[in-house]
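K.L.:
Please see the structure below; I have some questions.
Please treat every number below as a calculation from the coordinates, not as lab data. These figures come from a predicted structure and were not determined experimentally. Counting neighbours? That spans all protein chains shown, and the Cβs are built from the backbone with ideal geometry, glycine included.
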Amino acid sequence: MGIGYDAAMPETVPSELRAVGDLYSTPGMEWAVRGLGPHFHPGSEDATVALAERAVHYGLEPNSRILEVASALGAPARYLARRFVSTVICVDMDRQMHAAAGAANSAEGLSRRCLRVLARTERLPLRDNAVDAAWSQDALIHMDKDVVLHELARVVRPAGLIAFTDWIARPGFTPEDAASLAKHMASPSLFTIPRYVAALEGEGLEVLLAEDRTRALRVAALPAADQEEFERAFAGKWGEDELARQQAMSTAWRSIVSGGRGGYALFIARVPV
Ligand SMILES: C[S@@+](CC[C@H](N)C(=O)[O-])C[C@H]1O[C@@H](n2cnc3c(N)ncnc32)[C@H](O)[C@@H]1O
């Protein structure tokens, strides 16, 4: 693997929480790729471009070392490597994700600029001030956000940027919603925008942008025309129980977003000099 680090911490989760490794099991990945494509976040590459535009505005420069937090299949990392002619350190705890990302990186000639690191983001195997910027798209939903933000503030150099998007709680978000996301989406918590701002400022970071982007989310009102056919084939391959688990996950999230109680936000913060 990329820079030779292979010591992911074991995933221990409370019983009411679905494990991340279970959410992104082989069938889970198949379900996610069907819904999202190789960018494992809503909005595909457009969302990556939107975050990059804002990061450039606030000073992200070419030839940087960028940490990609929970890189999954690596589509945002490859975009960053190309657009910023940069080295991207791709941290993810999932071997299967890294294997798939590795194949795509080589196919696109980017293996030497997208370095894969198997680790948990709560304990980054990087020294202090190791990178010029940190980047993440829609993955902090699965993590202990306070711990991860502390790690990011540690590894990004002074004056470096932390740019990320994540799912957020909005007015009306209920304890039942939180329990449903824990059960179906491996989410220990969802922050509101003010809670995120407080967490960033608590790490001594300067918050440059905190933008509710919920309106940019496109939750399809109707299933794709061939959804039924896809689900029949999925159940044939993985079983009815697995299909029901994936459907429950999609339904849980859809109902929170379409009710306006959950959404999506973009943040840019700077490490003080
Ligand atoms: C929603 S995907 C990330 C999407 C990716 N950033 C993208 O935009 O394509 C979630 C990823 O987070 C990883 N992940 C979740 N919790 C993690 C943790 N604590 N440490 C490292 N990786 C984690 C999972 O293995 C999975 O690959």
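K.L.:
Using θ = phi - 60° and the Karplus curve 6.51 cos²θ - 1.76 cosθ + 1.60, what whole-Hz ³J(HN,Hα) does each residue of the stretch 230-245 get, with Gly and Pro shown as x?
P.N.:
Per-residue couplings from phi come out as 4, 5, 5, 5, 4, 5, x, 7, 10, x, 5, 5, 5, 4, 4, 5 Hz.
K.L.:
Right, next: Place a +1 charge on the Cβ of each Lys and Arg in the chain and a -1 charge on the Cβ of each Asp and Glu, then give the dipole magnitude about the Cα centre in debye, rounded to the nearest 20.
P.N.:
580
K.L.:
Right, another one. Determine, for Leu190, Leu208, the number of other Cβ atoms within 10 Å of each Cβ, and report the residues in order from fewest to most.
P.N.:
In increasing order of surrounding Cβ atoms, one gets Leu208, Leu190.
K.L.:
Tell me, what HN-Hα J-couplings in whole Hz come from the Karplus equation 6.51 cos²θ - 1.76 cosθ + 1.60 at θ = phi - 60° for each residue of the stretch 159-174, using x for Gly and Pro?
P.N.:
Computed from phi, the couplings for the stretch 159-174 are 6, x, 9, 10, 10, 7, 10, 7, 5, 10, 8, 10, x, x, 5, 10 Hz.
K.L.:
Follow-up. Calculate I(q)/I(0) for the chain by the Debye formula, one identical point scatterer on each C-alpha and no solvent, and give its log10 at q = 0.10, 0.11, 0.12 Å⁻¹ to two decimals.
P.N.:
-0.49, -0.60, -0.72
K.L.:
Among Ser44, Ser86, what is the fewest-to-most ranking by other Cβ atoms within 10 Å?
P.N.:
Ser44, Ser86
K.L.:
If you don't mind, there's one more thing I want to ask. Using the count of nearby Cβ atoms within 10 Å as a rough guide to exposure, how do His150, His184 rank from fewest to most?
P.N.:
His150, His184
K.L.:
Can you list residues whose amide H is under 5 Å from Phe191's amide H, if they're 5+ apart or on another chain and H is modeled 1.01 Å from N?
P.N.:
So Phe191 has HN proximity to Ala169.
K.L.:
Now for a different question. Run the numbers on the chain and let me know its relative contact order in percent, using alpha-carbon pairs under 8 Å that are six or more apart.
P.N.:
22
K.L.:
Would you mind checking which residues have amide H under 5 Å from Met93's amide H? H placed 1.01 Å from N; only 5 or more apart, or other chain.
P.N.:
Those lying under 5 Å, H to H, from Met93 are Ala119.
K.L.:
Check which residues have an amide H placed less than 5 Å from Leu208's amide H, if you skip close sequence neighbours.
P.N.:
It is Ile268, Ala269, Arg270, by chain and number.
K.L.:
Next question, about the same structure. Could you please state, rounded to a whole Å, how far the C-alpha centre of the stretch 157-209 is from the C-alpha centre of the stretch 83-147?
P.N.:
So the two Cα centres are separated by 20 Å.
K.L.:
Still on this structure, I have one more. Which whole-Hz couplings ³J(HN,Hα) result when phi for each residue of the stretch 262-273 is put into the Karplus expression 6.51 cos²θ - 1.76 cosθ + 1.60, θ = phi - 60°, listed in order with x for Gly and Pro?
P.N.:
Values per residue, Gly and Pro as x: x, x, 8, 9, 10, 10, 10, 9, 10, 6, x, 7 Hz.
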